[in-house]
2 protein chains.
Amino acid sequence: MHHYVMEDSIDNVKNCLRDFPKEARELYLNETVPYLERPPSALQFYREWIGPNKPCIIRNAFDHWPALSKWNPTYLREAVGSKVISVAVTPNGYADAVLGDRFVMPEERQMTFSSLLDVIEGKVKSGGVFYVQKQCSNLTEELPELTEDIEPHIPWMSEALGKSPDAVNFWLGESRAVTSMHKDHYENLYCVVSGEKHFILLPPSDRPFIPYELYQPAVYSLKEDGSFEVVDEDNSEKVPWIPLDPLKPDLEKYPSYRLAKPLHCTVRAGEMLYLPSLWFHHVRQSHGCIAVNFWYDMEYDIKYNYFRLLESVAGAVGPL
Amino acid sequence: MHHYVMEDSIDNVKNCLRDFPKEARELYLNETVPYLERPPSALQFYREWIGPNKPCIIRNAFDHWPALSKWNPTYLREAVGSKVISVAVTPNGYADAVLGDRFVMPEERQMTFSSLLDVIEGKVKSGGVFYVQKQCSNLTEELPELTEDIEPHIPWMSEALGKSPDAVNFWLGESRAVTSMHKDHYENLYCVVSGEKHFILLPPSDRPFIPYELYQPAVYSLKEDGSFEVVDEDNSEKVPWIPLDPLKPDLEKYPSYRLAKPLHCTVRAGEMLYLPSLWFHHVRQSHGCIAVNFWYDMEYDIKYNYFRLLESVAGAVGPL
């Protein structure tokens, strides 16, 4: 009898974890990512989007950036063609993703911006998929010549959060380059300068339906014959990562993902996505898409505290 | 073996519920209620207090209210002495509180403001404890003559929340009148005009340590001999309420309350308490203390959604 009660309680907790994301959608989440036709005031943005942790796409937010009209291959070759940048290279487009029982990171190749453009424009044939995706404020660190074509921050966002961005990142990649599903500890403003980005978004409340496993870290390494090998990072601790691919989820293996409700959105040139902290996201792009994103450190306060509770309870009861 | 795993899981969930309030304190809660020397901007108040759901005491926030100098018994008798108001009367000061297996509400007595002042000032001896505590915007509804001595809302709070208060309440009570521990679905600005209020506050994250039970609703009713009887409200559903008295908690009966960390604060004349939504509070006051509070409806969004998860998981696993 005692044991029966215990088992019943675990089922009750599992029901709580199933009801919670449903109630999130009933209470405050949108079924699609809404558009704002212009940037809001700092207070309004805080109250309506940052506070409730809801994504939106903002139009006409960076029309005044010279980058919007200037950043084409010819201009970029002139302005930064000889600069050496870090490029993530993988055999299949999957950088920082699960492969078998490994978490595989890309080869980080140093190359000039011109030679990257040669690959993107198809002028040079190259083994592997190339993606400028280094998230260490690579725009200001590696390509400072381009900073005058944008703004160093988003004024109403900096005002809303009362701080400056931690990082301004530059993104340029091939259409095969994919960012596997993950979440960041940042409030993210993602500005598409040319082409388009395709996002699959899942709210933090869907965490109970998202599998995490521990993987041995490894990196892709280019062999002399031009093929890639996977090399384990010795002495590295195992990394928790999401094995599920939202483009073709394995529902036999992860049946509770059926209950997740991913939002799909496309962010086009001139549009800005507000991607709230702790939202899971998977990203693809049109070939040669250029984007700039601003990472503002998130607050580790009540919402983070609650998210940790959600994660720990989900971990304690196991798969739903 | 299977059953053992289940039992283990429940213990793990209980540990999550114990760790969560501890982490709340480590991450973002204060050990005491901090003071702001002047009202902040709307955005700053939203970002630093409303968003993270943290209480504070604000000084110099309503210095310009004529009420601060005018609201003494002589003036009040002149201005509203003949007005009839609703007064909560109880034999012991406990209105809306657990008594045995009942949830007992006060007698709601209609009386003139002058006759209430006679009781408060000790000019008339009266059985029972009197407290003006009706939370139906009784200031604007019952005492509109007094509204010109205050402001109809708190401008920076209305700006922060993008809305007007739902209710403006007037409070005047005896020192024996106690408000038992409960929470409200409001962002609350509590302005002490004269005397002082003593608050015991518990964050929503301490919910796992706070007992709730279901009680038969009843009301105090004055008998002809001047004593009170408790009369059940027939056809009323049972009411969930907190049986625990934070002034003398029964730790034998509710041992996990040892893990709660109540904050004690005194709000003095001229000071304003920001009491965030869903914070548990227990209130006493100096004899004849006058206060005005503004209730702004809370947002039923991510924090509410998470609080409901916390409540449901705590309910599923039972007492810690």
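Odds and ends about this structure:
- The set of residues in segment B:136-154 being crowded, with 16+ Cβ neighbours inside 10 Å and part of a loop (DSSP other than H, G, I, E, B) consists of B:S137, B:L143, B:I150, B:E151, B:H153, B:I154.
- Screening A:N53 against (1) within 14 Å of chain B (Cβ to nearest Cβ); (2) farther than 27 Å from A:D245 by Cα leaves a single unmet condition, (2).
- Criterion applied to B:L275, B:L259, B:L263 was being aliphatic (A, V, I, L, M) and under 25 Å from B:F170 (Cβ atoms), and the one residue passing it is B:L275.
- Meets criteria (within 23 Å of A:D234 (Cβ to Cβ) and at pLDDT 95 or above) for A:V89: yes
- Residue within segment A:1-11 that is open to solvent by less than 10 Å² (accessible area, probe 1.4 Å), modelled with pLDDT of 95 or more and not aromatic (F, W, Y) present: no
- Per the conditions (1) over 14 Å from the mean Cα position of the chain (by Cα); (2) within 21 Å of A:G93 (Cβ to Cβ), the sole criterion not satisfied by A:A177 is (1).
- Residues in segment A:22-33 that are open to solvent by 20 Å² or more (accessible area, probe 1.4 Å) and away from chain B (no Cβ under 14 Å) were compared, and the one that is nearest to B:D8 (Cα to Cα) is A:E31.
- In summary, A:T112 fulfils each of the numbered conditions (1) of a type in the set (V, I, T); (2) more than 14 Å from chain B (Cβ to nearest Cβ); (3) surrounded by 19 or more Cβ atoms within 10 Å (Cβ to Cβ) with the single exception of condition (3).
- The number of residues in segment A:92-126 being in contact with a Gly (Cβ under 7 Å, 6 or more places away or on another chain) and farther than 15 Å from A:G173 by Cβ comes to 2.
Listed here are the residues, each with its yes/no results for (1) of a type in the set (S, T, Y); (2) surrounded by fewer than 21 Cβ atoms within 10 Å (Cβ to Cβ); (3) more than 10 Å from chain B (Cβ to nearest Cβ).
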| residue | (1), (2), (3) |
| --- | --- |
| A:N15 | no, yes, no |
| A:F20 | no, no, no |
| A:Y35 | yes, yes, yes |
| A:Y46 | yes, no, no |
| A:Y75 | yes, yes, yes |
| A:A79 | no, yes, yes |
| A:V84 | no, yes, yes |
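- Segment B:261-315, residues that are among the small types (G, A, S), away from every other protein chain (no Cβ under 14 Å) and open to solvent by 10 Å² or more (accessible area, probe 1.4 Å): B:A269, B:G270, B:S286, B:G288
- Of all residues in segment B:161-219, those being in a loop (DSSP other than H, G, I, E, B) and either closer than 23 Å to B:K238 by Cβ or open to solvent by less than 10 Å² (accessible area, probe 1.4 Å) (or both) number 8.
- Filter pass, B:V129 being open to solvent by less than 10 Å² (accessible area, probe 1.4 Å), closer than 28 Å to B:I242 by Cα, touching a Phe, Trp or Tyr at 6+ places or on another chain (Cβ under 8 Å) and modelled with pLDDT of 95 or more: no
- The single residue among A:Y212, A:Y190 that is of a type in the set (S, T, Y) and within 24 Å of A:P34 (Cβ to Cβ) turns out to be A:Y190.
- Tally of residues being part of a loop (DSSP other than H, G, I, E, B) and within 16 Å of the chain's Cα centre (by Cα) across segment A:114-135: 3
- Residue check for B:F62: away from chain A (no Cβ under 14 Å), surrounded by 14 or more Cβ atoms within 10 Å (Cβ to Cβ) and more than 30 Å from A:S312 (Cα to Cα): yes
- When residues in segment B:221-239 are screened for being surrounded by 10 or more Cβ atoms within 10 Å (Cβ to Cβ) and either more than 14 Å from B:E107 (Cβ to Cβ) or in contact with a Leu (Cβ under 9 Å, 6 or more places away or on another chain) (or both), 7 of them pass.
- Residues in segment A:86-109 that are buried (at least 19 other Cβ atoms within 10 Å of the Cβ) and on the phi > 0 side of the Ramachandran plot: A:G93 only.
- Scanning segment B:132-160 for residues being modelled with pLDDT of 95 or more and among the small types (G, A, S) gives a total of 2.
The values are calculated or read from the model by the stated rules, or taken from the named source; none is laboratory data. Note that the coordinates shown come from a computational prediction; the quantities given were computed from them, not determined experimentally. Every residue, glycine as well, gets a Cβ built from its backbone with ideal geometry; the counts of neighbours run over all protein chains shown. Keep in mind that these areas ignore ligands, DNA and RNA; they rest on the heavy atoms of the full protein, side chains included. Shrake-Rupley method; radii C 1.70, N 1.55, O 1.52, S 1.80 Å.
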